[in-house]
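Take a look at the structure below.
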Amino acid sequence: MIEMRKILAAGAVASAAICVESIRERRHFRVTHYDLDTPKMEADAGEVTIVFLSDLHNQIYGANNDVLLRTVADVKPDVILVGGDMLIGKRDRLPKPALTFVRKLPKIAPTYYSNGNHEQRMKENTKKYGNVFERYQKKLREADVRFLENDSAEFTKNGLRIMLTGLELPMETYEKFRHMDVCGKDVARQVGMASDGYFHILMAHNPVYFSGYKEWGADLVLSGHLHGGIVRIPGWRGCITPQAFPFPKYSGEMTTEDEHTIIVSKGLGTHTINLRLFNEPEVVVVHIHGRRRQK
């Protein structure tokens, strides 16, 4: 009986500690830096610094997200990329936290926005959501935020010619308990063929289809959507995807395969499952450097 009481007490203490840690993680974020080199940039050309933000879901850090905004500004990025799901879809109600935050970003650096599944379903399902997304997008465009909806933009920094593309796949690619096959041709049908001579950055909200993004020709894929896998196994990977598949291969890290790299943000907020464990929200900073070419 005494041993059982000890076990129950230890279990209660562990459960309380887990709850406290989960609450702490949902209220604080970290800045995660990744370094990436490419032969498409001269080795001594300097670097291109990108801030990547994803899955805010109307979370607020400080008054009007001022803490988050100062953190982005302190990085001094060359460009800010917004990877979708910054809001939570509500009918007839503008997502004020996301709107207030994102509209301030162009004052720091040029800002490009690619939709996540939340923005996309609001845009496509006006019967349910009305014109909320149209109003949200209009206000952000007035603040010089550029949306990339199966569209591309090019820019050059320190000699690196970058083609930035925002991908929207059909909504069924997000359905629970369903994993579709997405190949390079499927991506090309949405955004066109990859162009020679560019460093291709593809903002693709769902990282599950990385094999198709590679086949299309992306040098760097920036994704989110998985919220880090909700609970992470330290030193390994996240536990579950929003589509209810366990242990996703890409969930909150940088992975390079055959000169193609994917960086998956753990996101900045939560939605359906209001839980994080060993999985702090994050602002992602990517430092792209040149690599000396082989002769």
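Just a few scattered comments:
- Only one of ASP55, ASP44, ASP35 that is crowded, with 20+ Cβ neighbours inside 10 Å, of a type in the set (D, E, K, R) and in contact (Cβ under 8 Å) with a residue 40 or more places away in the chain: ASP55
- Residue that is farthest from THR272 (Cα to Cα) [pool: residues in the stretch 17-54 that are of a type outside the set (A, V, I, L, M) and touching a Ser or Thr at 6+ places or on another chain (Cβ under 7 Å)]: PHE52
- Residue that is among the acidic types (Asp, Glu) and free of Cβ contacts under 8 Å to residues at least 40 places away in the same chain, where the choices are GLU175, GLU124, GLU168, GLU134: GLU134
- Residue within the stretch 176-185 that is buried (at least 22 other Cβ atoms within 10 Å of the Cβ) and out of contact with any Ser or Thr (no Cβ under 6 Å at 6 or more places or on another chain) present: yes
- Flag if ILE108 is closer than 20 Å to THR156 by Cα and either at pLDDT below 95 or surrounded by fewer than 19 Cβ atoms within 10 Å (Cβ to Cβ) (or both): yes
Each row is one residue, and each column tells you yes or no for (1) open to solvent by less than 60 Å² (accessible area, probe 1.4 Å); (2) under 24 Å from ARG26 (Cα atoms); (3) of a type in the set (Asp, Glu); (4) modelled with pLDDT of 95 or more.
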| residue | (1), (2), (3), (4) |
| --- | --- |
| GLY212 | yes, no, no, yes |
| LEU222 | yes, yes, no, yes |
| GLU253 | yes, yes, yes, yes |
| ILE263 | yes, yes, no, yes |
| LEU268 | yes, yes, no, yes |
| LEU275 | no, yes, no, no |
| VAL283 | yes, yes, no, yes |
| GLN294 | no, no, no, no |
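- Odd one out for GLY229 among (1) open to solvent by 10 Å² or more (accessible area, probe 1.4 Å); (2) modelled with pLDDT under 95: (1)
The values are calculated or read from the model by the stated rules, or taken from the named source; none is laboratory data. Please read all numbers here as calculations on a predicted model, not as lab measurements. Neighbour counts run over all protein chains shown; Cβ positions are idealised from the backbone, glycine included. All accessible areas refer to the heavy atoms of the entire protein, side chains included, with ligands and DNA or RNA removed. Shrake-Rupley method; radii C 1.70, N 1.55, O 1.52, S 1.80 Å.
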